[in-house]
1. Any residue in segment 32-59 that's in a helix (DSSP H, G or I): show its pairings with residues that are among the polar types (S, T, N, Q) and buried (at least 17 other Cβ atoms within 10 Å of the Cβ) at Cβ separation under 8 Å, as long as the two are six or more apart or on different chains.
2. How many of the residues making up segment 265-276 are buried (at least 16 other Cβ atoms within 10 Å of the Cβ) and either of a type outside the set (Gly, Ala, Ser) or free of Cβ contacts under 8 Å to residues at least 24 places away in the same chain (or both)?
3. With the requirement that a residue be crowded, with 18+ Cβ neighbours inside 10 Å, under 18 Å from Ser226 (Cα atoms) and of a type in the set (Gly, Ala, Ser), what does segment 81-129 give you?
4. Pick from segment 169-193 the residues that are β-branched (Val, Ile, Thr) and free of Cβ contacts under 8 Å to residues at least 60 places away in the same chain: which of them is surrounded by the fewest Cβ atoms within 10 Å (Cβ to Cβ)?
5. Restricting the search to segment 63-82, which residues are in contact with a helix residue (DSSP H, G or I) (Cβ under 9 Å, 6 or more places away or on another chain) and either at positive phi or outside any helix (DSSP H, G or I) (or both)?
6. Of the residues that sit in segment 290-311 and are crowded, with 16+ Cβ neighbours inside 10 Å and of a type in the set (Gly, Ala, Ser), which one is nearest to Asp140 (Cα to Cα)?
7. Mind checking which pairs have a first residue in segment 277-297 that is without any contact (Cβ under 8 Å) to a residue 60 or more places away in the chain and a second that is among the basic types (Lys, Arg) and buried (at least 21 other Cβ atoms within 10 Å of the Cβ), Cβ under 8 Å, 6 or more apart or different chains?
8. Does segment 139-149 include one or more residues that are within 19 Å of Ala258 (Cβ to Cβ), in a loop (DSSP other than H, G, I, E, B) and either modelled with pLDDT under 95 or aliphatic (A, V, I, L, M) (or both)?
Amino acid sequence: MIKLIRNISPFNNRTDMPAAMLVIKKLLAFILCFAAGTLLGNAVVIGAMIVGGKKFLQGETFTESTMELLGLYAMAGMIAASVLYWKIIEKRNLSEMGVTGRIGGLFVGALIGTVLLFVCVAAIMLTGSIRFKGISKEPDLTMILLMLGGFVIQGAAEEFLCRGLVLCSLKDRVPLPIAVGASTLAFIYPHWSTLRGFKPQYIFSGVLGLIVISCVFSFITLRTKSIWAACGLHSVWNFCLSCVLGLDLSGSEGASTALIDMRSVGENLLNGGKYGIEASIISDIIIAVLAAVTGYMVIKTRKRRAENGVQ
């Protein structure tokens, strides 16, 4: 038992163990970094309120939009926690985490995310479940730009943890489906607390959506040998959904200010109800197609490299 605990402990860099134990170890490392990053981020938010003269112990805070903005930027704590863990505990180069010099992948991912989102929204609009109400009058452009920066950090934080810390540490040590599955479990974890409050049909569709988009993030990371494209796709999807279209994002209402005024019509599995289009069965199908395409590309590339004796 003591040996088992030592092996799966996230406080060492041992890897000479069965695949199941190694997966548990990396998931524990994910939880450790997620918790540490959350504490660090909360400390930053509390510090900002103190500096801003808010009596947070009495429940006094900034406006809702400002608190949302602070929450996004505070997720930089998760990036810091995952990088420190990788360097101090794993004792590995950041390039092995997917943090490479090919940062241009951010823009490739951003382009993919933009196209993917608008294809999903357009398909749902054809069913009449989402309606375009016009261009917003006098949107707060400063806040929108600040939210863009926040979503860049938020998307990167989740990718550093799920794709960097989990996927990249497992991809060469366990079978690919297991590595992608572990990364997906990690990705579902922070979303579950919100999703579980919805009706069963939305929970099912929402979890399915998380699985297929997580597979897309993982396959793009494997294909490009970098996490930057996944970061770009993730961040732009969230930003455009909330701050450009003004639609619900993962169970949260759209941003307080957006460029376009769009609204869901009723609550159904076509538009994902109050959870948003990430629980839409239409989005699930479209993203699943992209996951299948990117997955095929990865498998084909890995097979060709194996035939050529390339690691």
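1. Matching pairs, first to second residue: Cys33/Ser82; Gly37/Ser82.
2. Going through segment 265-276, the residues buried (at least 16 other Cβ atoms within 10 Å of the Cβ) turn out to be 269-276.
Subsequent filtering for residues that are either of a type outside the set (Gly, Ala, Ser) or free of Cβ contacts under 8 Å to residues at least 24 places away in the same chain (or both) retains 269-271, 274-275.
Of the residues in segment 265-276, 5 are buried (at least 16 other Cβ atoms within 10 Å of the Cβ) and either of a type outside the set (Gly, Ala, Ser) or free of Cβ contacts under 8 Å to residues at least 24 places away in the same chain (or both).
3. Ser82, Gly98, Gly105, Gly109, Ala110, Gly113
4. Step one: list which residues in segment 169-193 are β-branched (Val, Ile, Thr), which gives 174, 178, 180, 184, 188.
Keeping just the survivors that are free of Cβ contacts under 8 Å to residues at least 60 places away in the same chain gives 180, 184, 188.
Working: Val180: 27, Thr184: 22, Ile188: 16.
Here the answer is Ile188.
5. Hit for segment 63-82 is Met75, nothing else.
6. Residues of segment 290-311 crowded, with 16+ Cβ neighbours inside 10 Å: 290-291, 294-295, 298.
Then keep just the ones that are of a type in the set (Gly, Ala, Ser); that gives 291, 295.
On the way: Ala291: 35, Gly295: 40 Å.
Checked segment 290-311; the qualifying residue nearest to Asp140 (Cα to Cα) is Ala291.
7. Filtered contacts from segment 277-297: no entries.
8. Step one: list which residues in segment 139-149 are within 19 Å of Ala258 (Cβ to Cβ), which gives 139-149.
If we keep only those that are in a loop (DSSP other than H, G, I, E, B) as well, we get 139-140.
So of that shortlist, the ones also either modelled with pLDDT under 95 or aliphatic (A, V, I, L, M) (or both) come out as 139-140.
Checking segment 139-149: at least one residue is within 19 Å of Ala258 (Cβ to Cβ), in a loop (DSSP other than H, G, I, E, B) and either modelled with pLDDT under 95 or aliphatic (A, V, I, L, M) (or both).
The values are calculated or read from the model by the stated rules, or taken from the named source; none is laboratory data. Predicted model only: the values in this text are computed from it and were never measured. Ideal geometry is used to build each Cβ from the backbone, glycine not excepted, and the neighbour counts take in all protein chains shown.
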